[in-house]
Amino acid sequence: MKLPPRLIFLLAAFYLPGPSNGAAQVMNLWSFQLPASGPGGGSGDATPAIAPDGSIYLPTFDGTLYALTSQGDVAWWFKAGLEVKSSPAIADDGTIYFGCRDRKFYAVTPQGKLKWTFPTGAWNDSSPAIAADGTVYFGSWDNDFYALNPDGSLKWKRDTSGIVDSSPAIAADGTIYFGSHDKKFYALAPDGKLKWTYPTAGEITSSPAINSAGDVYFTSQDGNLYALAPDGHALWHLHTGGWTASSPVLDGQGVIFLGRGGDCLAVSPDGKELWAQHVGALIEGAPAVTDSLVYLAESAGDYSIKAVTRQGAIAWAFRLDASAWASPAVGKDGVIYVSAGPCLRALSSANATPPAKSPWPMFRANPEHTGRVVLKF
């Protein structure tokens with residue numbers, strides 16, 4: 001198969017002064033040019049997944065899944081049937097899973113070959129989660145939530161009363177959490193039985209985050225951040241001041257971070273707002289947290305990714321090529337991957353560190369995007 005052209009710029013430096021530290025330099029390690037098709041072009045809402053060997057997997061809105069090396073070279077590409085908004089997840093055996101708007105769910109080998117597809121009744125924008133036993137979970141616009149075996153056979157499915165584009169989260173005990181456009185938050189047992197639901201006043205499109213005690217956090221389009229105990233009772237809720245699509249993430253001390261409009265919001269484990277730092281016109285993606293910094297990419301405004309200190313000051317900013325609807329991802333080596341419009345960039349800085357030692361430091365919990373709570377660091 002002939003590889004499409006790539007554009008790669010090695011070690012190109014660019015920086016903007018941040019008010020907290022004067023001028024922290026940000027290094028653009030490499031850039032990869034994506035097809036400029038679909039809303040916003042390039043990858044749309046999809047966030048790159050990073051394999052243990054450093055391979056990077058990113059689907060685009062034109063339906064292409066790219067596999068890149070850690071140096072930004074194309075290893076292979078795979079063409080799905082239609083647009084892909086689902087972020088990929090990487091299984092222990094290297095299989096890459098993702099949903100597609102062609103009403104199919106895909107499993108692709110680490111060599112870029114199709115393993116199998118599973119048909120659904122509508123678009124599949126939900127990003128998959130992978131359980132410890134290899135079961136794959138995802139939602140669909142057909143109102144159903146699916147559990148598939150690693151061989152692509154149906155394990156079970158559960159109907160909701162609305163679209164499921166929320167990406168599921170898996171707790172340590174195997175409980176699966178997700179939201180629906182029916183304004184309910186669901187907790188399912190690994191066998192598909194309903195454990196409980198929790199009602200909100202708005203559609204739920206965000207991906208939940210889980211802490212080490214099993215408490216679960218999510219946002220609703222009713223403008224609230226919710227914290228629920230594993231048995232489904234409410235611990236607290238915080239009105240964030242408006243609608244947000246940003247999914248929450250956690251640091252090692254249990255502080256919750258999310259985007260709220262154009263702000264980075266920090267919330268204490270007991271539900272108190274700690275601080276809010278304005279970083280741009282709109283933040284749609286989830287933040288990514290390290291032990292020292294919080295990264296957020298702007299969906300509107302000056303098209304930058306910004307690093308915010310744990311005290312809420314802007315450390316640095318790097319101007320991107322276009323709006324960034326996807327969440328940034330951080331590799332175990334501290335490299336920051338951000339997709340904006342027609343370009344995927346790999347960035348680093350002098351103070352770059354690996355993901356925080358946290359159960360949920362980024363969108364989908366870890367670089368592989370398994371959507372499974374992290375308890376060993």
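Read-outs throughout are calculated quantities, based only on the coordinates presented, and are distinct from any laboratory measurement. Note that this is a predicted model, so its numbers are computed, not measured. Using ideal geometry, Cβ is built from the backbone for each residue, glycine included, and neighbour counts are taken over all protein chains shown.
Counting other Cβ atoms within 10 Å as a rough exposure proxy, the listed residues CYS264, CYS343 run CYS343, CYS264 from fewest neighbours to most. Of the peptides 230-236, 272-278, the ranking by mean beta-carbon count within 10 Å, highest at the top, reads 272-278, 230-236. Residue order for ARG319, ARG310, fewest other beta carbons within 10 angstrom first, comes to ARG319, ARG310. Take the Cα radius of gyration of the chain and divide it by 2.2 N^0.38 Å, N being the number of residues; the result is 0.90.
Label zone (ASP291, point 7 Å along Cα-to-C-beta; backbone nitrogen cut-off 13 Å) within the stretch 355-377: 355-358, 377. Centroid-to-centroid, using Cα positions, the stretch 189-216 and the stretch 109-177 are 15 Å apart. For a paramagnetic label modelled at 7 Å from the Cα of HIS239 toward its Cβ, which residues of the stretch 186-224 fall within the zone defined by backbone nitrogen distances under 11 Å? Answer for the stretch 186-224: 223-224.
When +1 charges are put on Lys and Arg Cβ atoms and -1 charges on Asp and Glu Cβ atoms, the dipole computed for the chain relative to its Cα centre reaches about 420 debye.
I want the local charge near TRP236. Using Cβ-Cβ distances under 11 Å, sum +1 for each Lys or Arg and -1 for each Asp or Glu among the other residues.
Working: positive: LYS272; negative: ASP215, ASP270.
Local net charge: -1.
At each listed q (0.16, 0.17, 0.20 Å⁻¹), what is the log10 of I(q)/I(0) that the Debye formula gives for the stretch 109-243 modelled as equal alpha-carbon point scatterers? For the requested q values the scattering log ratios are -0.77, -0.86, -1.15.
At a Förster distance of 51 Å, what's the computed FRET efficiency of LYS195 paired with GLN71, Cβ-Cβ distance as r, to 0.05? List each step's numbers first, then the result.
Working: r = 45 Å, r/R0 = 0.88.
Plugging the Cβ-Cβ distance into 1/(1 + (r/R0)^6) gives 0.70.
Listed values for the stretch 260-277 are Karplus-derived 3J(HN,Hα) couplings in whole Hz (6.51 cos²θ - 1.76 cosθ + 1.60, θ = phi - 60°), namely 9, x, x, 10, 8, 10, 10, 10, 6, x, 9, x, 9, 5, 8, 6, 9, 10, and x replaces Gly and Pro.
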